[in-house]
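The values are calculated or read from the model by the stated rules, or taken from the named source; none is laboratory data. In this text the structure is predicted, and so the values were computed from the model without any measurement. When we count neighbours, we look across all protein chains shown, and the Cβ atoms used for this are built from the backbone with ideal geometry, even at glycine.
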Amino acid sequence: MIALIGLVAGVVLGLLFEPTVPLWLQPYLPIAIVAALDAMFGGVRARLEGIFDEKVFVVSFVSNTIIAALIVFLGDQLGVGSQLSTGVVVVLGIRIFSNAAAIRRKLFGA
Amino acid sequence: MSDVEPQTPDEQAPEERETSAKQEPEETPGFLDLLRPRTTLGQLAGGLLCVLLGFALVTQVRSTQRDTTFATARQDELVGILSDLSQRSERLRGDLRDLEGTKAELERDVQGGTALEEARRRATTYGLLAGTLPAEGPGIELLIGDPRGAVRSVNLLDTLQELRDAGAEVIQINEVRAGVNTYFLDAPGGIEVDGRILRAPYRFLAIGDPHTMTTALNIPGGVIKTLQNAGASTTVTPRTRLTISAVRSG
C-alpha cells in the first residue's frame, strides 16, 4: 500500500516539478527505470507468493538499477553501449514478463 | 527481487517476523491483502524507492517527449547521425557548386544580353542609315527655289552627294527619305526621286554637323555656287533640332 502510494506520489511529484534529466544521467536513467520496474514486479510477485521481504526488495531494487546503469556505462566505455543497453532491456523485459505471468497466475489462477 | 531465493521466516529479523507471521497462514495472499498498509521501516524504504521510481519514470517520459532525437541518443548513434549529416552536407555542397556554375553561366548570359543591347543599338544606327527608321537631331535645312525651272536631277544628286560627303547621316528631300539607292531622274514639271515626282522648291533636311555641311555646300565652285549660277535660289538654315519622319520601306 505504501509502495503504491509512493509510486503515485512520485508520478505526481514528477508532473509537478517537471525536472530535467541531467546530461550525465541521460543514457542511464531509462535502463535504471526498466531495472527498477523489474524489481517492483518481482516484489509484487514475491508478495503474492508470500515470500516478500522488504530488505530483499530494497537491496534488489537499488542494486538492480545501479548494475543496469553500470552495465550501460561499461558498454559506453567499450563502444558497445547501444547494443549492451538493448541487451539489458531485453533481459529485463523478459524478466518483467515472467514476473507479470507469475503475478497473473497467483491473482487469477490462470 | 523475485528471483532471489525466498528467505525462510527463520532468517528474517524479529520485527519482520511478526508481519510475515500474520500473512503466513494464507499461503497465497489475495490482491486486497497486498493493499493492506504495513508500516515497518522496510515498507517505508520500499515506498520511498517507489516514489523515486515514479519520479524518475515521469521525468524520463517527459524528457523523451521533449527532445526526441539527440538527447537520448548514444555516442555511436550521434556519430552515425553526424556522418550522415556530413555526407548530406557534401552532397548539398556539390549542388551548390552546380548552382554556382549555372549562376556564372547566367551572368555570362547577362553579358550576352549587353551584346544583344549593343546589337540592337547598331541595328538602330543601320536602320537610320538605311532610312528605315525616323530620325531626330541637329542638322541643316537647305531650301532650293527654282523659279526658272533650271534645276536638273544632276544638281540634286550633287547636292545629295555633297551632303553625304559632309557627314550627313539622314537626309530627306521633300517627303522622300534618301537611301543608298536613291536615284534622280528628270521628269516633266519636276524631278523624279525614287519613283516620286518632286516639284520646286526642293527642301533638303540633313542631320549631321550643321557647320561642316554648311561649309561643304558653300565652298567656291560647289553645289550652292552651281545652283546659283543655274539661276536657283538657295537658303541654308542650321537647325539644332530636325525631325525626319519619312522612312523607306524595307
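Side notes on the structure shown:
This table checks each residue for (1) assigned by TED's automatic domain parsing to the domain that holds B:Ala123; (2) among the hydroxyl-bearing types (Ser, Thr, Tyr); (3) more than 55 Å from the chain's Cα centre (by Cα); (4) part of a strand (DSSP E or B).
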| position | (1), (2), (3), (4) |
| --- | --- |
| B:Leu163 | no, no, no, no |
| B:Gln172 | no, no, no, yes |
| B:Ala206 | no, no, no, yes |
| B:Thr212 | no, yes, no, no |
| B:Gln228 | no, no, yes, no |
| B:Thr237 | no, yes, no, yes |
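- Of A:Phe52, A:Phe61, A:Phe57, all but one fail to be surrounded by 14 or more Cβ atoms within 10 Å (Cβ to Cβ), more than 7 Å from chain B (Cβ to nearest Cβ) and not basic (Lys, Arg); the exception is A:Phe52.
- Selected residue [under 30 Å from A:Lys106 (Cα atoms) and facing another protein chain (nearest Cβ under 7 Å)] from A:Ala3, A:Ala68: A:Ala3
- Condition met for A:Asn99 (within 8 Å of chain B (Cβ to nearest Cβ) and touching a residue at least 60 places away in the same chain (Cβ under 8 Å)): yes
- Residue in the stretch B:20-67 that is farthest from A:Leu25 (Cα to Cα), counting only those that are small (Gly, Ala, Ser) and at pLDDT 60 or above: B:Gly42
- Residue in the stretch B:209-224 that is under 19 Å from B:Thr132 (Cα atoms) and acidic (Asp, Glu) present: no
- Comparison of A:Ile66, A:Ile94, A:Ile103 shows that the only residue that is of a type in the set (A, V, I, L, M) and either surrounded by 15 or more Cβ atoms within 10 Å (Cβ to Cβ) or over 28 Å from B:Ser63 (Cα atoms) (or both) is A:Ile103.
Conditions tested, residue by residue: (1) farther than 15 Å from B:Gly46 by Cα; (2) of a type in the set (Gly, Ala, Ser); (3) modelled with pLDDT under 80.
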position: A:Met1; (1), (2), (3): no, no, yes
position: A:Val12; (1), (2), (3): yes, no, no
position: A:Thr20; (1), (2), (3): yes, no, yes
position: A:Ile31; (1), (2), (3): yes, no, no
position: A:Phe41; (1), (2), (3): no, no, no
position: A:Asn64; (1), (2), (3): no, no, no
position: A:Leu70; (1), (2), (3): yes, no, no
position: A:Gln77; (1), (2), (3): yes, no, no
position: A:Leu84; (1), (2), (3): yes, no, no
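- For the stretch B:147-154, the criterion of being assigned by TED's automatic domain parsing to the domain that holds B:Asp194, assigned to a helix (DSSP H, G or I) and under 30 Å from B:Gly221 (Cβ atoms) is met by at least one residue.
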